[in-house]
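Pasting a structure here, questions to come.
The values are calculated or read from the model by the stated rules, or taken from the named source; none is laboratory data. Since the structure is predicted, the reported quantities are computational estimates derived from the model, not experimental observations. Don't worry about glycine lacking a Cβ; one is built from the backbone with ideal geometry, like all the others, and counts go over all protein chains shown.
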Amino acid sequence: MRSIGELARASGLTVSALRFYDRSGVLVPALVDPVTGYRWYTDDQVAPARLVAGLRRVGMPLAEIAAAVRHRAEPAVVGRLLDGHLRRLEDGLADARRELSRVRALITPEESPMATRLVLSRADLAAAIDAVRFAVGADPELPVLSGVLLDVSDDGVRLVATDRHRMAVSRVPGRPDGSPVRALAPVDLVDRVRALLDSSDETEAHLRVDGTTVAVSVAGREIAGTALPYDFPDYRRLLHASVGDAPAYRIPIDVPALRAALTPVDVPALRAALGDGGPTLVRRYEGDDVAVTVLGLDDRGALRVLDGDALAAAGPDELRIGVNGRYLLDALDAAGRGQLVLELDGPITPLAVRRPDDEDAFSILMPIRL
């Protein structure tokens, strides 16, 4: 048996860190003296302690460190955790570079940044706007959410919108001429750009981000406006938490059937239908009645909407997830026609609605506790 000090020296962890990982259930000692409270560890615990020390040094979150220790005999599982954390680190480095560029511009404002330009498919840009427009926030107290983020990187431009309860992401491929840049386009500018895209049969659209100006031109006609002066939330963190790893459930959606089951989603009709076992519930949220659709699985593992009788009969271990029915309809409509899948992990984690043939376009919905 090794004392806590001996394990600390053998693993590279401090004594206080070992105590923390004991309290967290990550690295529990083999024996705790009931009189003195001293912790004792076996030789077999040196290797997992060294694993914890290495993951701690690279900043892996506690929950993922615990998962790596539990599955250390399964290289494929631990490998996925490492890959996911590496992606977060790379995204964080890219964010840091963009932020430092902005800081340099603040220090030397007389040096106007060069414009970043992209040539994009007009149809793809229109489809990308359609895929995210529904998720733009409308709360006047949260102006930072009242636009669409244009995140230009080496592989094109990502469009992101969120109102806190849902998030939509899409991407238009392209090779930028200029540095990576972000701009928060106000929703009225986005709507005017969308109308411009429909007014021409040209195949190309030209995007320009120049300082605080966002402009899109098609066939010589240009729509331009000033970007919103807000820092958009770090959407990548939510994406990695929601769709970064393989979900527990990946369920094909029968879109027409689900859309029919979700109708009506207005609260008065729901209240009238609930007496007959309607398909959803009504919950009070922030002073308003919200239509809550409860999703579950049938005997074949297919998605179904639970009516009042099915919800009452569901066992405690059956999957039951509450979502805003109107938001789910919006996500289905924004995804367009064709096959869709629903990805989810449980009743309190975000759901993703996506097209299986396009990994860059999807909607994320926050669940509602039942």
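When you look at VAL152, is it among the β-branched types (Val, Ile, Thr) and over 21 Å from the mean Cα position of the chain (by Cα), yes or no? Reasoning before the result, please.
On the way: among the β-branched types (Val, Ile, Thr): yes; over 21 Å from the mean Cα position of the chain (by Cα): no.
It is false that VAL152 is among the β-branched types (Val, Ile, Thr) and over 21 Å from the mean Cα position of the chain (by Cα).
Look through ASP299, ASP231, ASP245, ASP289 and report the one residue that is out of contact with any helix residue (DSSP H, G or I) (no Cβ under 8 Å at 6 or more places or on another chain), of a type in the set (Asp, Glu) and either modelled with pLDDT under 85 or on the phi < 0 side of the Ramachandran plot (or both).
Numbers: ASP231 fails: out of contact with any helix residue (DSSP H, G or I) (no Cβ under 8 Å at 6 or more places or on another chain); ASP245 fails: out of contact with any helix residue (DSSP H, G or I) (no Cβ under 8 Å at 6 or more places or on another chain); ASP289 fails: out of contact with any helix residue (DSSP H, G or I) (no Cβ under 8 Å at 6 or more places or on another chain).
That would be ASP299, the only listed residue that is out of contact with any helix residue (DSSP H, G or I) (no Cβ under 8 Å at 6 or more places or on another chain), of a type in the set (Asp, Glu) and either modelled with pLDDT under 85 or on the phi < 0 side of the Ramachandran plot (or both).
Another question, then. For the stretch 137-176, which residues satisfy the criterion of being surrounded by 15 or more Cβ atoms within 10 Å (Cβ to Cβ) and assigned to a loop (DSSP other than H, G, I, E, B)?
GLY137, SER146, ASP163, HIS165, GLY174, PRO176
A further question on this structure: What's the number of the condition VAL119 fails, among (1) farther than 19 Å from ASP358 by Cα; (2) buried (at least 23 other Cβ atoms within 10 Å of the Cβ); (3) more than 19 Å from the chain's Cα centre (by Cα)?
The failed condition is (2).
Could I ask something else about it? Out of all the residues in the stretch 95-104, is one or more under 30 Å from ASP210 (Cβ atoms) and more than 26 Å from the chain's Cα centre (by Cα)?
At the first step, the residues of the stretch 95-104 found to be under 30 Å from ASP210 (Cβ atoms) are 95-104.
Narrowing further to those that are more than 26 Å from the chain's Cα centre (by Cα): 103-104.
Within the stretch 95-104, one or more residues are under 30 Å from ASP210 (Cβ atoms) and more than 26 Å from the chain's Cα centre (by Cα).
Please state which of the following conditions MET114 fails to meet, knowing it meets all the rest: (1) among the hydrophobic types (A, V, I, L, M, F, W, C); (2) over 23 Å from ASP91 (Cβ atoms); (3) in contact with a Pro (Cβ under 8 Å, 6 or more places away or on another chain).
It fails just one condition, (3).
Of the residues in the stretch 248-272, how many are surrounded by 14 or more Cβ atoms within 10 Å (Cβ to Cβ), modelled with pLDDT under 70 and outside any helix (DSSP H, G or I)?
Qualifying residue count, the stretch 248-272: 2.
Does GLY338 satisfy the condition of being surrounded by fewer than 21 Cβ atoms within 10 Å (Cβ to Cβ) and either of a type outside the set (D, E, K, R) or in contact with a Lys or Arg (Cβ under 8 Å, 6 or more places away or on another chain) (or both)? Show your work before the answer.
Details: surrounded by fewer than 21 Cβ atoms within 10 Å (Cβ to Cβ): yes; either of a type outside the set (D, E, K, R) or in contact with a Lys or Arg (Cβ under 8 Å, 6 or more places away or on another chain) (or both): yes.
So GLY338 fits the description; yes.
All but one of (1) touching a strand residue (DSSP E or B) at 6+ places or on another chain (Cβ under 9 Å); (2) more than 21 Å from ALA335 (Cα to Cα) hold for ASP201, so report the exception by its number.
Among (1) touching a strand residue (DSSP E or B) at 6+ places or on another chain (Cβ under 9 Å); (2) more than 21 Å from ALA335 (Cα to Cα), ASP201 violates only (1).
Out of (1) assigned to a helix (DSSP H, G or I); (2) surrounded by fewer than 14 Cβ atoms within 10 Å (Cβ to Cβ); (3) among the charged types (D, E, K, R), the odd one out for ASP91 is which?
(2)
Could you count how many residues in the stretch 180-224 are among the polar types (S, T, N, Q) and not in a strand (DSSP E or B)? If you could, list the steps in order and put the result at the bottom.
Residues of the stretch 180-224 among the polar types (S, T, N, Q): 199-200, 203, 212-213, 217.
After this cut, where a residue has to be not in a strand (DSSP E or B) as well, the list is 199-200, 203, 212.
Count: 4.
I'm trying to understand the selection: among the residues of the stretch 33-52, which are closer than 13 Å to GLY5 by Cβ and basic (Lys, Arg)?
So the first thing to find is which residues in the stretch 33-52 are closer than 13 Å to GLY5 by Cβ, and the list is 38-41, 49.
Hit for the stretch 33-52 is ARG39, nothing else.
Moving to a separate point now. Does the stretch 1-40 hold any residues that are touching a Phe, Trp or Tyr at 6+ places or on another chain (Cβ under 6 Å), surrounded by fewer than 19 Cβ atoms within 10 Å (Cβ to Cβ) and within 17 Å of VAL69 (Cα to Cα), and which are they? Steps first, answer last, please.
Residues of the stretch 1-40 touching a Phe, Trp or Tyr at 6+ places or on another chain (Cβ under 6 Å): 1-2, 7, 27, 29-31.
Subset that is surrounded by fewer than 19 Cβ atoms within 10 Å (Cβ to Cβ): 1, 30-31.
The answer is ALA30, and nothing else.
Something else now. (1) touching a Leu at 6+ places or on another chain (Cβ under 9 Å); (2) in contact (Cβ under 8 Å) with a residue 60 or more places away in the chain; (3) not aromatic (Phe, Trp, Tyr): which one isn't true of LEU184, the others all being true?
It is condition (2) that LEU184 fails.
Since ALA131 meets every condition but one in (1) over 30 Å from GLY322 (Cα atoms); (2) at pLDDT 90 or above; (3) not in a strand (DSSP E or B), which condition does it not meet?
For ALA131, the exception is condition (1).
Let me spell it out: the conditions are (1) loosely packed, with under 15 Cβ neighbours inside 10 Å; (2) in the same structural domain as ALA17 (by TED's automatic domain parsing); (3) at negative phi, and PRO48 meets all of them except one. Which number is the exception?
In the conditions (1) loosely packed, with under 15 Cβ neighbours inside 10 Å; (2) in the same structural domain as ALA17 (by TED's automatic domain parsing); (3) at negative phi, PRO48 misses (1) alone.
With the requirement that a residue be in contact (Cβ under 8 Å) with a residue 40 or more places away in the chain and over 22 Å from TYR230 (Cα atoms), what does the stretch 190-212 give you?
Within the stretch 190-212, ARG194, LEU197, ASP198, SER200, GLU202, THR203, GLU204, ALA205, HIS206 meet the criteria.
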